[in-house]
Structure formats: C-alpha cells, structure tokens
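A short worksheet on the structure shown next.
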Amino acid sequence: MEVGEDLVCYHCGQACDSVSFAIAEKNFCCYGCKVVYELLEDNNLCDYYQYETHPGATIRPVDDEAYVVLDDPAVQRRLLDFSSDSFARITWRVPAIHCVSCIWLLEKLRSLDAGILRSEVNFARKSVVVEFHPGRVSLRRIAARMASVGYPPVIDQVDNSKPEERDGKLLTVRLAIAGFSFGNIMLFSFPEYLGLDEQDTVLRTVFSWLNVALALPVLVFSARIYLDAAWKSFAQRQINIDVPIAAGLIALFGRSIWEIVTGYGPGYLDSFSGLVFFLLIGRWFQEKTYDSLSFDRDYKSYFPLAVQRWTGDTWKPTLIEELGPGDQVRIRNLEVIPADARLTDAEAFIDYSFVTGESRPVLAVANDFIYAGGRLIGQPARFRIEKKATQSYLTSLWNHASFRKNNERSYQRTIDRAARIFTWVVMGLAIVTALYWYFMSPGKMWLVMTSVLMVACPCALALAAPFTYGTMLRVFGRNRLYLKNTDVIERLSRIDCVVFDKTGTVTYGEQPAIVFEGVCSDEEMQATRLLTSCSTHPLSVLVSKSINGDLAADIKDFKEIPGKGIQGRVWGRDYRIGSSAFAGAPSPPHEGTVWLSVDGATLGCFRIGIRPREGMKDMIGQLAMQASLLSGDQDSDMISMRRIFGKNSDILFNQSPLNKQTYVKSMQEEGKQVLMVGDGLNDTGALKQSDVGIAVTDDTGVFTPSCDGILFGERVKDLHRFMRLTRSASGILRIAFAISFCYNAIALGIAITGHLTPLIAAILMPLSSISVVGFSVLAVNVTAKREGLS
C-alpha cells in the first residue's frame, strides 16, 4: 500500500499523509490526534468513537502557555460565574460542538482531570458549563485540556447571542442560494415545460447541465443541514425526521443526474431545488417562531425579583433589571444578591447553595467580591453593584441540577420515542410504495417515493408539548404565578393532594389593624423596627411597616429561627421577637400575636388582625381533591380553618418544619401526588419533599431554590384555576396529536397514490407544524380566558 493511500485518521477522519502516527491498526493524521486518542483510552473514554465515526476535529499540540492569560485574577473575575476556595463555575462557548459525541465527551471532562467536578453542555448555544475545584485544577489547565481534545473554548465572551445570530444568517444564506437556483433552474427548464426543445437535443443538453451546475450548490450547501443530520443519526444508530428527508433529496438528485448523463430525460432538478427551498422556508419559520417564544432557554416569564436600593434619602424596592453598576443595595436575611457586587458593610454570611447546590454559609468581609446568586444569611448587609444584574442567570441557577426533582421531562422522552417510531413507519411505507410503483409505472417511482418521504412530518408531535406547556408558562406569568420551567406544568397536572401552610398562605395580616399592647419606649420600638426589617417573614414585615421612624443603628448577633422568631443586639441590649415561648411570655400562643422581650423581660405584644385571604373557601371547594392544612401555630383558629377546609380535611396545628416534611412524605407513600403551598421560609423541607412546591409571597424579594414556583399572595384564590388549566393540557395535546395524525394520514394517502408532487409535499410539510403550533397557542389562551385568567 502506498503511504497515505486509503488511510484516514481514526480520530478526525482526514486523510493521513504519513503512517508514523499509528497505534495497532489505528492510523492518525498528526501527533495531536494520536495524543487525544491515547488520552481518551487511558481514561476509558473510547466510547466517544461509538457515537459517531471520526467525531473529532484535527488536533494541533496545545501548550498551556496559550492560555496563560487565564491566570490573571482580573480576567478570571470577568469570566467566572462564581469562585471560592473549593468551588468555581464558568460558562464557555465552544463552537466545535456539533454532535452527540461532542456532548458525551465534554460532559465526561471530570474523567480527564480530578479537579473538574461537573460539566454540562447546552447544544443549542454551543456552550458548556464547567464546575471545578480551583485548588486542584487551574482555569488555564481546563482550557488547555478542552483544546487538547478538540474543543477549544472561546475566551472573550462578550455576547453569547452571536452564535445564534450567525446560525440565523447562515440559514438565510442557504435559503437565498436555494431560491436563486430554484428560480433559474425553472427558467432553463421552460422550454421543457412547453415542449419546445424536443428536436433541439444540443439545447436540451446544455440547459440540463446548466441545471446541474445550479443544483450542486443546493445539494452541498443548502441541503447540507439535512444530509449532515441524517448521517449523524445513522452514525448514532438512531433515526430522526431528517433521515427520510435526506433519503428523498438524494434519491431525487441521483435520479436526475442519471437521466441527464444517460440522455434518458431532463431529470427533476427543478423539483429538487424547489424542495430544498420550501423545506428551508419551513425551517426558518419554525426557528423564528420558537425563538420568539423560547420558553425553556430564555425564561420570559420571570419571577420579578426586587431588592432595596438607596435612592439618596431612603431605601426603595427596585426590580433587579433596573439596577446598574455603582448602585447601593441592602439585602435582608435569605434574600438573593442579584448581581456581582462588593460588600460595603464590615461582614456578612453568604450562602451559595443556588450556585454550588450545597448550603454552607461563608464569611465575607468588607470589600469582598460577592457573586450573583448568593443568599444572605443573618442580619442585613449593604452591597455596591459591580455588574448589571442578569435575571436569566438567576433563573438558570433556580434550575440547578441539585434542585431538580425526579421524572422531569418524562413527557418529552415519550414524545421523542413516538416520533422515532413514526419515522421508521414512514421509511417502511416509502420502500413499499417504491416497490409498488416500480412494477406499475417505473417512471413515476422516484417522484412518488420522494413525495412520501417529504410529506410525512413527525415534527408536529415534537412541537406540540413544548408550545402547549410554554404558552401556559407565559399565561401563568401574566397572572403572577412564576414557574421555574415547563416540566412543573406536567407535574402539576397529576396532582391529587394539596397541602397548605396557614400564616402568609391561607391567612394574611392587615396593616392598619396592628396594635402594641404593653409598655415600650421609643428607643425599644425603633430597635424592634430595625430587627423586624431584617426578616422576610410575613409577620415581621407587617410589624416593621407599622412602626414609624428612621433611626439607624448597628445590629449584632442577628439570628432568625424558623417557626420561633428573631433575636439580636441593638444599642447593647438583647431583643427577642416572635412566639410567646420564644420571647419568654407567660401567655399561651395565639394567632396574629408577636411578642417582644428585651434583656429577658417581656414588654408586650403586637396584635395583628389576621384573616383568611379572600376567596379561600371557594378555591378549596373547587380544587376537587384532598386539601390539608399544616400550621406551626396553636389551634385557636381551628373553627375558622375548619369552616374553610371542611370537616373531612386534615387540619394539624403545632407542626414544626420537620413535621410538615414528614406529613408530605407520608402522603406520597400512600400514592398521592402532593402539591405543597407554603411561605418558602418555614416550609423549605416540605416544598422540596413535595412533587410540586409553590412558595407564596407578598414581597418580591424572597424565594427558595427548593420550590418549583412562586405565587403572589393576591392570586392564591386562583389556585384552582391554575390547576384546571394544567389538566386541560392533556386534552389540548391529544387534539394537537390528532391534527398531526390526520394530516399525515391524508397526505400520505394522496402521496402513495401518486397524486402529490415532491414540490407540493415540501410546501405541505411545514404547514403541519404551523397548524399544530397555532392550535396549541390559541387553545391555551382561549382556555385560560375561559378560566378567568388573562
């Protein structure tokens, strides 16, 4: 064998100019590809090559010095999403990502270096999130590792939207070339259409080869997205919608070339180029429609997080999108720091569980850099914003793998399997149809087979669920129920048991009805105001707002104990504010009573006019499922709660946070699908344990990663409407699937009988997706309005 003859690189598939880089029977085009193979083999990662033949890129040796800039602390601060002594997180754009092999290898980076903790690929954005231990591996080494296996990261990531913009422009160019070729091929085929060149064989031959020249760019460039996708699907031993499309295109083009070369006829290059043109129009429409909604990727229906910003004379609640560098913000206990910032107070404890998935508060001191997504623990602290806040980043943290629940995206997996089965059925029908027409009318075989391959469209099946659930996500957002992703909607539709917390959920406090009973000086009252302003508990917020004043003081040793109260030192004196037992009061606990003690002496209590939220009894009745109430208070409100929930409901008082979690678990062990509705502060364990957890808030500043949604207090009365809308999703999906089935059944029937040209089939195929998408969006909005939701 001659050197380089028929030798291709085992890693990247390029021709080998030398046999010096070889291992056993595997040849490599360069030392870089050989090193990558050895690296993967040493780490038991050679399954990489089973997902696609020659999946890698040509590798050049990578020197760590190429990424020495990543050792600069200023560069690291700009690039890192988060950094601490034992944990760091970065999002890198990697343009080389192109197939499932890439995803597989990049998500196995931890096998290449023990310092890498986790990596997750976003294929649509061609990006990878890497979490690592900075004490074990440097950022520079990670970049060099990625580059050495063929996936060099882009270091300067100023605008992450550029890849999508480039992909959109590339699709437009493909469409333009296909349209140009289609128009000109039709022009050159005009004499054929009119039968004018029957006697002029020279002219016919010239026009035919001009058509070939025009069709070639359509095949190798415009249609490449379908051909590449089909090839990768086969390489992965799977099948998708692009396979029958690619088969039809190759069949039509190959048949046309054969007719032109043999002189048998002019071929079907006009149909071929028109087919690609209309397929790309359908693809462009689908991408534009999906990008305009982009439910899962962009999270349009945000929870409107707000924090207190200093406006020059007072602290004013401000939505985070209005914050900018230099703004001074005050963060209270358990509130999220919305943007990268620097601590201006002496010290604060920050919990980065949103970012790392582990709840372990760390001490920060004055001028420390604090990353977005950290949650303040303890007394409030002031920060100076360093970067503009990004809501999408915070929402992505909400969807961190640590906070996911079991069986997420189960509906999508079912639909994907159905779409694959459908595609196999279409391929089988196309083969049977081709055999039939081969014997009945061989001249029509290729056109009929191509029509069958083109007109069938399982994409409508795949689009129905995302657009149905995604539109619901927006409807909920408009009505102030904010869910973290579309999977929550599917789980909500299966709920058959709802557990409510009482204070702040079923009941709420009336600001004008707050009175203090006891003896308390102005100084003590101002200290109470300062301490309660540090808490986000509903009763603390009400007490703080009821006290007038603007005195400032340092708070020491602040602590909030869920279910009991808050404590701290102000002006050298110890304060306890909360339940009677916590404050040391002799009186038994009572709903709506907040006790105050100073230096161990009980001074009195705040009595808050507590009443059930409007419409609660009607909402409970219309839920039409088991509803229970769990409260940490005494049973003084048993009669009023029984009036709301009915005589057959479980109503339990004196429940600790652990008791609530245990109750939810017991319901699940009985086979129930449980929805927990609580305040997000005392109910964190129950929210996390439940199948769906919704935190109720009257304040835009607080939410917990354990919950699946945030519901504003004024809309608790509409919970039954939200539940009914989620259950209607299954009916909407069934109708959408029926539309898709009817379309495919009718269209396939017409195509099999030979009454449908490939060109018309290409026009009809995207219409199936358009009709399903349009129906899903319209049906959800109409159903929502019927339920009284805007």
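Any residue at all in region 500-512 that is among the acidic types (Asp, Glu), surrounded by 24 or more Cβ atoms within 10 Å (Cβ to Cβ) and part of a strand (DSSP E or B)?
Yes: one or more hits.
Select from region 346-370 the residues that are of a type outside the set (S, T, N, Q) and open to solvent by 30 Å² or more (accessible area, probe 1.4 Å) and list them in ascending order.
Selection gives Ala346, Glu347, Phe349, Glu358, Arg360, Pro361, Val362, Leu363, Val365, Ala366, Asp368, Phe369.
Which residue, of Ala339, Ala364, Ala372, is in a strand (DSSP E or B) and not acidic (Asp, Glu)?
So the residue among Ala339, Ala364, Ala372 that is in a strand (DSSP E or B) and not acidic (Asp, Glu) is Ala364.
Which fully enclosed helices (runs of 4 or more DSSP H) of region 167-271 have 1 or more residues being modelled with pLDDT under 85 and basic (Lys, Arg)?
Because the criterion is at least 1 residues that are modelled with pLDDT under 85 and basic (Lys, Arg), the helices (runs of 4 or more DSSP H) in region 167-271 that meet it are 201-217, 224-235, 242-262.
Hey, among the residues in region 539-555 that are touching a residue at least 60 places away in the same chain (Cβ under 8 Å) and within 40 Å of the chain's Cα centre (by Cα), which one's least open to solvent (accessible area, probe 1.4 Å)?
Val543
Quick one: which strands (runs of 3 or more DSSP E) sit completely within region 588-648 and have at least 1 residues that are at pLDDT below 85 and aliphatic (A, V, I, L, M)?
Counting at least 1 such residues, we get 601-612.
Which of the numbered conditions does Asp599 fail, given that it passes all the others? Conditions: (1) more than 28 Å from Gln526 (Cβ to Cβ); (2) surrounded by fewer than 20 Cβ atoms within 10 Å (Cβ to Cβ).
For Asp599, the exception is condition (1).
If Val448 passes every condition in (1) of a type outside the set (Lys, Arg); (2) modelled with pLDDT under 80; (3) part of a helix (DSSP H, G or I) but one, which one does it miss?
Unmet condition: (2).
For region 67-84, how many residues meet the condition of being within 16 Å of Ile142 (Cα to Cα), touching a residue at least 12 places away in the same chain (Cβ under 8 Å) and not in a helix (DSSP H, G or I)?
4
Residues Met616, Met625, Met667, Met641: which one is in contact with an Asp or Glu (Cβ under 7 Å, 6 or more places away or on another chain) and in contact (Cβ under 8 Å) with a residue 40 or more places away in the chain?
Exactly one of Met616, Met625, Met667, Met641 is in contact with an Asp or Glu (Cβ under 7 Å, 6 or more places away or on another chain) and in contact (Cβ under 8 Å) with a residue 40 or more places away in the chain, namely Met625.
Name the strands (runs of 3 or more DSSP E) wholly within region 276-333 that hold at least 2 residues that are modelled with pLDDT of 80 or more and among the polar types (S, T, N, Q)?
Filter on region 276-333 gives an empty set.
The values are calculated or read from the model by the stated rules, or taken from the named source; none is laboratory data. Just so it is clear, the model here is predicted, and its values are computed rather than measured. No Cβ is skipped: glycine too gets one built from the backbone with ideal geometry, and neighbour counts run over all protein chains shown. The area values use the complete protein model at the heavy-atom level, side chains included, leaving out ligands, DNA and RNA. Shrake-Rupley method; radii C 1.70, N 1.55, O 1.52, S 1.80 Å.
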